[in-house]
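A quick write-up on the structure given underneath.
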Amino acid sequence: GELVLVVDDEVFIRDITRRILEAHGYRVLTAREGGEALTLFARHRGAVRAVLTDLMMPGMDGLTTIRALREIDPEVRIIVVTGQADDRGEAAAVALDVQAFLCKPYKVDRLLQTLDDVLRGEVGGEYCRPGR
């Protein structure tokens, strides 16, 4: 029943992630981009247990979104979900203290395990470099 915020500009990714999480007992908020995510996060402050955000989005990108979320709640648990990360993007996200990375495309069990690990306070996860 924990509340998760999913931020992705791709409708399919956003919707399938929401469906998967809801089917496994999570409550889910979705946002198309960073500005919308910040509005939802502020509205549900204290209730959102984790944020899954893409890095590459039009408008407010993932790194800017993460910085703004950290200003609202420095302890928010964040999972970067991306298929196009590069060393600079990953390094910047690590510097912003994200808890995990999840590479697109991902399998249901990987999504659920990563989210469970992050909610339990474990950190880590894969990096999304080509060839990994």
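The values are calculated or read from the model by the stated rules, or taken from the named source; none is laboratory data. The shown structure was predicted, so the numbers you read here are calculated from the model rather than taken from an experiment. A quick note on method: Cβ atoms are made from the backbone with ideal geometry, for glycine too, and the neighbour counts reach across all protein chains shown. Ligands, DNA and RNA are excluded from the accessible area calculation, which covers all protein heavy atoms including side chains. Shrake-Rupley method; radii C 1.70, N 1.55, O 1.52, S 1.80 Å.
Within segment 99-119, restricting attention to residues that are out of contact with any strand residue (DSSP E or B) (no Cβ under 8 Å at 6 or more places or on another chain) and not aliphatic (A, V, I, L, M), which residue is modelled with the lowest pLDDT? Working first, answer last.
Taking segment 99-119 and keeping what is out of contact with any strand residue (DSSP E or B) (no Cβ under 8 Å at 6 or more places or on another chain), we get 105, 107-109, 112-113, 116.
Filter again for not aliphatic (A, V, I, L, M), leaving 105, 107, 109, 113, 116.
Values: Pro105: 84, Lys107: 91, Asp109: 93, Gln113: 92, Asp116: 93.
Filtering segment 99-119 for residues that are out of contact with any strand residue (DSSP E or B) (no Cβ under 8 Å at 6 or more places or on another chain) and not aliphatic (A, V, I, L, M), the one modelled with the lowest pLDDT comes out as Pro105.
Any chance you could count how many residues in segment 40-67 are among the aliphatic types (A, V, I, L, M) and modelled with pLDDT under 95?
The first filter runs over segment 40-67 and keeps only residues among the aliphatic types (A, V, I, L, M), leaving 40, 42, 47-48, 50-52, 55-57, 60, 63, 66.
After this cut, where a residue has to be modelled with pLDDT under 95 as well, the list is 55-57, 60, 63, 66.
Number of matching residues: 6.
I'd like to check something: does segment 97-110 contain any residue that is assigned to a helix (DSSP H, G or I) and surrounded by 20 or more Cβ atoms within 10 Å (Cβ to Cβ)? Even if it seems obvious, please write down each step before you answer.
From segment 97-110, those assigned to a helix (DSSP H, G or I) are 108-110; that's our starting set.
Now narrow it down to the ones that are surrounded by 20 or more Cβ atoms within 10 Å (Cβ to Cβ): none.
No: segment 97-110 contains no residue that is assigned to a helix (DSSP H, G or I) and surrounded by 20 or more Cβ atoms within 10 Å (Cβ to Cβ).
Answer yes or no: is there a residue in segment 14-21 that is modelled with pLDDT under 90, surrounded by fewer than 22 Cβ atoms within 10 Å (Cβ to Cβ) and of a type outside the set (Phe, Trp, Tyr). Walk me through it before giving the result.
So in segment 14-21, the residues modelled with pLDDT under 90 come out as none.
The answer is no, given that none of the residues of segment 14-21 is modelled with pLDDT under 90, surrounded by fewer than 22 Cβ atoms within 10 Å (Cβ to Cβ) and of a type outside the set (Phe, Trp, Tyr).
Which pairs turn up if I take residues in segment 59-72 that are over 15 Å from Asp8 (Cβ atoms) and look for partners that are at pLDDT below 95 and surrounded by fewer than 17 Cβ atoms within 10 Å (Cβ to Cβ) with beta carbon separation below 7 Å, at least 6 apart in sequence or on another chain?
Sorted first by the residue in segment 59-72, then by its partner, the pairs are Arg67/Leu96; Arg70/Leu96; Ile72/Arg45.
Which of the residues spanning segment 20-47 are over 15 Å from Arg70 (Cα atoms) and β-branched (Val, Ile, Thr)?
Once the filter is applied, which keeps residues that are over 15 Å from Arg70 (Cα atoms) and β-branched (Val, Ile, Thr), segment 20-47 yields Ile20, Val28, Thr30.
From the list Glu71, Glu122, Glu75, Glu36, which residue is in a loop (DSSP other than H, G, I, E, B) and at pLDDT 90 or above?
Working: Glu71 fails: in a loop (DSSP other than H, G, I, E, B); Glu122 fails: at pLDDT 90 or above; Glu36 fails: in a loop (DSSP other than H, G, I, E, B).
The unique qualifying residue is Glu75.
State the number of residues belonging to segment 26-46 that are open to solvent by 40 Å² or more (accessible area, probe 1.4 Å) and not polar (S, T, N, Q). Lay out the reasoning, then the answer.
Start the filter on segment 26-46 by keeping residues that are open to solvent by 40 Å² or more (accessible area, probe 1.4 Å), which leaves 27, 30, 32-33, 36, 39, 42-46.
So of that shortlist, the ones also not polar (S, T, N, Q) come out as 27, 32-33, 36, 42-46.
So the answer is 9.
Looking at Asp15, Asp54, which is the one that is in contact with a Gly (Cβ under 8 Å, 6 or more places away or on another chain) and either of a type in the set (S, T, N, Q) or over 19 Å from Leu119 (Cβ atoms) (or both)? Lay out the reasoning, then the answer.
Working: Asp15 fails: in contact with a Gly (Cβ under 8 Å, 6 or more places away or on another chain).
Exactly one of Asp15, Asp54 is in contact with a Gly (Cβ under 8 Å, 6 or more places away or on another chain) and either of a type in the set (S, T, N, Q) or over 19 Å from Leu119 (Cβ atoms) (or both), namely Asp54.
Based on what the data block shows, is Leu115 assigned to a strand (DSSP E or B), within 13 Å of the chain's Cα centre (by Cα) and in contact (Cβ under 8 Å) with a residue 40 or more places away in the chain? Quick ask: steps written out before the conclusion?
Details: assigned to a strand (DSSP E or B): no; within 13 Å of the chain's Cα centre (by Cα): yes; in contact (Cβ under 8 Å) with a residue 40 or more places away in the chain: yes.
In short, no.
Could you list all residues from segment 8-31 that are outside any helix (DSSP H, G or I), out of contact with any helix residue (DSSP H, G or I) (no Cβ under 6 Å at 6 or more places or on another chain) and closer than 16 Å to Ile79 by Cα?
Asp9, Tyr26
Determine whether Leu63 is in contact with a His (Cβ under 7 Å, 6 or more places away or on another chain) and surrounded by 14 or more Cβ atoms within 10 Å (Cβ to Cβ). Steps first, please.
Numbers: in contact with a His (Cβ under 7 Å, 6 or more places away or on another chain): no; surrounded by 14 or more Cβ atoms within 10 Å (Cβ to Cβ): yes.
No, not satisfied.
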